[in-house]
Amino acid sequence: MTTTKAASVSLLYHEVRREAFAEASRFRGEFYECLTARRDELSELADAVLCADGAVKSPVDLTLLPEHRRGHGAMYGGLNHGRIDVDRLRAVLATLPLPRFDGGRLVLAVDVSPWLRSDAPCSVDRLFCHVYGRAKTASQFIPGWPYSVVAVLEPGATSWTAILDAVRSARSTTRLRSPPPTHRLPYGYTQYADLTMRALDAGVPAMLLEVDRVTEPVDDLVDKLRRYSDWFELLAPKADANKERAARGAAVHDFRLWSRIYPPTGREGYVPVAFVVTGKTAVQRESRMRRLEQVARTYFAGASYPGRSAGITAVDYHRAVPAVVTELERITADPAGVAGAVWRRLGRQEWQSLPEALDNPDGDRLYAAQRKEARDRRAEREAKRPVCARCGAKCSDERWQQVRQSSWPVKWDDLCGECAKESVARAEAERAAQRLAEDVAATSAAEAETSRARGLFRRLG
């Protein structure tokens with residue numbers, strides 16, 4: 001026999017806000033459609049997270065909740081092989097109504113929360129997160145991922161918030177790295193950089209920073225640049241020294257140790273080094289930077305490309321250390337900060353932005369253009385080079401110059417050097433034979449005249 005039993009629900013029907021319930025039901029359906037793999041499992045995991053009492057410390061605990069009807073295997077399968085259409089989910093979240101205060105105001109809350117991962121040394125983009133201790137001096141720097149979260153607050157006594165965005169700070173385009181890598185040299189010295197920086201917006205994947213407070217001799221700064229140059233020239237383990245010596249241009253970096261540690265620079269030369277000068281007076285800072293430029297030219301100046309006589313004025317920077325200088329006072333005074341024209345490349349006079357200062361307009365690009373111009377000039381000159389009328393060979397530069405400098409045209413100007421020599425020799429031989437024939441004819445005539453005179457006198461006697 002079937003019996004019925006009355007039951008009361010905790011939420012009466014007339015207390016339900018129909019619009020909010022309909023909106024939540026619509027979002028639940030849209031969220032389910034954003035799950036492209038293991039939909040049911042991921043949907044139940046989301047329900048379990050929302051219905052759990054307190055923070056979820058382990059995914060296994062979710063399988064014990066009634067909202068999760070599957071076992072451990074399904075849970076791990078959903079986490080490992082589940083997929084979410086992120087772009088579609090973002091579009092769905094953008095259509096949700098945001099809670100507002102009186103007057104339609106939006107109240108936003110911003111927070112930075114680190115996800116500490118000191119046990120994940122192989123994970124990328126980790127930063128050193130500042131963590132406060134109980135004591136004033138007990139703060140620590142622990143590797144992890146800091147997240148910046150922006151949320152919309154709801155009016156009234158509620159802990160629910162609408163998360164607008166969450167960005168991992170380690171993915172920012174400009175950041176400092178601490179501690180910087182060590183640069184161990186074969187002669188027992190280790191060169192440490194004060195800071196390493198990367199600015200992806202400026203096209204700088206890595207840059208070494210040295211802070212100078214104008215308290216040490218300029219020679220110490222030059223020694224730092226020299227040690228950086230020595231370290232950049234170290235061969236990588238198992239690199240072929242013979243191939244490294246035969247390499248030209250950017251190919252030489254494939255054999256160097258620094259290319260195993262730092263990302264490719266995207267420019268000619270090694271990893272750039274920046275000297276940030278601060279303190280003392282502006283005149284003293286300027287004098288210091290000029291002195292550094294004069295003494296350290298060996299390490300930041302490039303080498304000459306072959307073919308200077310062909311109009312090649314470009315400079316090869318592939319084995320040079322791009323060195324830039326700036327002043328902390330100049331950076332703080334510029335409205336654009338480090339993005340402004342506050343950097344000066346050693347060897348140049350003008351202040352530029354960081355991408356312009358690190359660029360090499362007189363490097364490979366100029367060399368390629370000048371080499372092409374030189375080839376074009378040679379081709380044009382070869383097209384104008386005269387051809388020998390006798391043998392068909394092109395005249396040499398010496399013969400061509402000799403003909404062009406001649407004041408009077410000669411009948412064998414259209415001949416090459418060898419053919420012209422043969423023609424001259426033949427002409428000389430012909431003139432010599434003609435003179436010899438004339439001399440013989442004159443001698444014969446004289447002898448004949450002499451014989452006739454002798455016969456006349458003989459008859460008269």
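Search region 368-387 for residues that are closer than 17 Å to residue 315 by Cβ and pair each with any residue that is of a type in the set (Val, Ile, Thr) when their beta-carbon atoms are under 9 Å apart and the residues are at least 6 apart or on different chains.
370/312; 370/313; 371/312; 374/312
Scan region 316-324 and tell me whether some residue there is charged (D, E, K, R), out of contact with any His (no Cβ under 6 Å at 6 or more places or on another chain) and surrounded by 13 or more Cβ atoms within 10 Å (Cβ to Cβ). I'd like the intermediate steps shown before the answer.
Applying the first criterion (charged (D, E, K, R)) to region 316-324 yields 316, 319.
Now restrict to residues that are out of contact with any His (no Cβ under 6 Å at 6 or more places or on another chain): 316, 319.
When the remaining residues are screened for being surrounded by 13 or more Cβ atoms within 10 Å (Cβ to Cβ), the result is 316, 319.
For region 316-324, residues charged (D, E, K, R), out of contact with any His (no Cβ under 6 Å at 6 or more places or on another chain) and surrounded by 13 or more Cβ atoms within 10 Å (Cβ to Cβ): present.
Conditions: (1) modelled with pLDDT of 85 or more; (2) part of a helix (DSSP H, G or I); (3) of a type outside the set (Asp, Glu); (4) surrounded by fewer than 15 Cβ atoms within 10 Å (Cβ to Cβ). Residue 309 meets all but one. Number of the miss?
For residue 309, the failing item is (1).
If you check residue 348 against the conditions, is it closer than 22 Å to residue 247 by Cα and assigned to a loop (DSSP other than H, G, I, E, B)? Explain how you work it out, then say what you get.
On the way: closer than 22 Å to residue 247 by Cα: no; assigned to a loop (DSSP other than H, G, I, E, B): yes.
So residue 348 fails the test.
State all residues of region 292-306 that are part of a loop (DSSP other than H, G, I, E, B) and surrounded by fewer than 14 Cβ atoms within 10 Å (Cβ to Cβ); if no residue qualifies, say none.
So in region 292-306, the residues part of a loop (DSSP other than H, G, I, E, B) come out as 296, 301-302, 305-306.
Passing the criteria: only 306.
If you scan region 91-108, which residues turn out to be closer than 13 Å to residue 30 by Cβ and loosely packed, with under 12 Cβ neighbours inside 10 Å? Show your work before the answer.
Keep residues of region 91-108 that are closer than 13 Å to residue 30 by Cβ, which gives 91-96.
Listed by number, the residues that qualify are 94, 95.
Table: residues versus (1) under 23 Å from the mean Cα position of the chain (by Cα); (2) over 21 Å from residue 197 (Cβ atoms).
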| residue | (1), (2) |
| --- | --- |
| 279 | no, no |
| 319 | yes, yes |
| 342 | yes, no |
| 372 | no, yes |
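If I go through region 249-283 residue by residue, how many of them are surrounded by 17 or more Cβ atoms within 10 Å (Cβ to Cβ) and not hydrophobic (A, V, I, L, M, F, W, C)?
Of the residues in that region, 10 qualify.
What residue, of 219, 212, is in contact (Cβ under 8 Å) with a residue 40 or more places away in the chain, touching a strand residue (DSSP E or B) at 6+ places or on another chain (Cβ under 6 Å) and not hydrophobic (A, V, I, L, M, F, W, C)? I'd like the intermediate steps shown before the answer.
Details: 219 fails: touching a strand residue (DSSP E or B) at 6+ places or on another chain (Cβ under 6 Å).
The conditions single out 212.
Are any residues in region 327-345 under 18 Å from residue 295 (Cα atoms) and in a helix (DSSP H, G or I), and if so, which ones? Spell out how you get there, then give the answer.
Our first condition is that a residue be under 18 Å from residue 295 (Cα atoms); within region 327-345, this holds for 344-345.
Those that are under 18 Å from residue 295 (Cα atoms) and in a helix (DSSP H, G or I): none in region 327-345.
Working carefully through the options 427, 369, 433, find the one that is at pLDDT 85 or above, out of contact with any helix residue (DSSP H, G or I) (no Cβ under 9 Å at 6 or more places or on another chain) and surrounded by 11 or more Cβ atoms within 10 Å (Cβ to Cβ). Break it down stepwise before answering.
On the way: 427 fails: at pLDDT 85 or above; 433 fails: surrounded by 11 or more Cβ atoms within 10 Å (Cβ to Cβ).
After applying the criteria, what remains is 369.
Anything in region 147-193 that is under 30 Å from residue 355 (Cβ atoms), outside any strand (DSSP E or B), of a type outside the set (S, T, N, Q) and modelled with pLDDT under 80? List them, or say none.
170, 171, 179, 180, 181
Which members of region 182-194 meet the condition of being closer than 21 Å to residue 327 by Cβ and surrounded by fewer than 19 Cβ atoms within 10 Å (Cβ to Cβ)? Quick ask: steps written out before the conclusion?
Kept after step one, since they are closer than 21 Å to residue 327 by Cβ, are these residues of region 182-194: 193-194.
The answer is 194, and nothing else.
So, residue 324, is that one in a strand (DSSP E or B), on the phi < 0 side of the Ramachandran plot, in contact with a Pro (Cβ under 8 Å, 6 or more places away or on another chain) and touching a residue at least 12 places away in the same chain (Cβ under 8 Å) or not?
On the way: in a strand (DSSP E or B): yes; on the phi < 0 side of the Ramachandran plot: yes; in contact with a Pro (Cβ under 8 Å, 6 or more places away or on another chain): yes; touching a residue at least 12 places away in the same chain (Cβ under 8 Å): yes.
Here the answer is yes, as residue 324 does meet what is asked.
Go through (1) modelled with pLDDT under 85; (2) exposed (fewer than 15 other Cβ atoms within 10 Å of the Cβ); (3) of a type in the set (S, T, N, Q) one by one and return the number of the condition residue 242 breaks.
Only one criterion in (1) modelled with pLDDT under 85; (2) exposed (fewer than 15 other Cβ atoms within 10 Å of the Cβ); (3) of a type in the set (S, T, N, Q) is unmet by residue 242, namely (1).
Can you name the residue in region 42-90 that is charged (D, E, K, R) and assigned to a helix (DSSP H, G or I) and, of all such residues, is farthest from residue 25 (Cα to Cα)?
The first filter runs over region 42-90 and keeps only residues charged (D, E, K, R), leaving 44, 47, 53, 57, 61, 67, 69-70, 83, 85, 87-88, 90.
Next, only the ones that are assigned to a helix (DSSP H, G or I) stay: 44, 47, 61, 87-88, 90.
On the way: 44: 15, 47: 13, 61: 26, 87: 20, 88: 17, 90: 17 Å.
Result: 61.
Every residue in region 250-281 that is modelled with pLDDT of 90 or more and not in a loop (DSSP other than H, G, I, E, B), please.
Hits for region 250-281 are 273, 274, 275, 276, 277.
Would a scan of region 228-243 turn up a residue that is part of a loop (DSSP other than H, G, I, E, B), in contact (Cβ under 8 Å) with a residue 40 or more places away in the chain and among the polar types (S, T, N, Q)? Steps first, answer last, please.
From region 228-243, those part of a loop (DSSP other than H, G, I, E, B) are 233-234, 236-240; that's our starting set.
Retained after the next criterion (residues that are in contact (Cβ under 8 Å) with a residue 40 or more places away in the chain): 233-234.
Adding the requirement that they be among the polar types (S, T, N, Q) leaves none.
No, there is no match, as no residue in region 228-243 is part of a loop (DSSP other than H, G, I, E, B), in contact (Cβ under 8 Å) with a residue 40 or more places away in the chain and among the polar types (S, T, N, Q).
Report, by residue number, each residue of region 351-367 that is in contact (Cβ under 8 Å) with a residue 60 or more places away in the chain and either assigned to a helix (DSSP H, G or I) or over 16 Å from the mean Cα position of the chain (by Cα) (or both).
354, 355, 358, 364, 367
Hey, among the residues in region 195-227 that are of a type in the set (Asp, Glu) and either under 22 Å from the mean Cα position of the chain (by Cα) or assigned to a strand (DSSP E or B) (or both), which one's farthest from residue 326 (Cα to Cα)? Talk me through it step by step, then tell me what you get.
Let us first name the residues in region 195-227 that are of a type in the set (Asp, Glu), namely 201, 210, 212, 216, 219-220, 223.
Keeping just the survivors that are either under 22 Å from the mean Cα position of the chain (by Cα) or assigned to a strand (DSSP E or B) (or both) gives 201, 210, 212.
On the way: 201: 19, 210: 11, 212: 10 Å.
Only one residue fits best here, namely 201.
The values are calculated or read from the model by the stated rules, or taken from the named source; none is laboratory data. All figures in this text were calculated on a predicted structure; none of them were measured in a lab. Neighbour counts run over all protein chains shown; Cβ positions are idealised from the backbone, glycine included.
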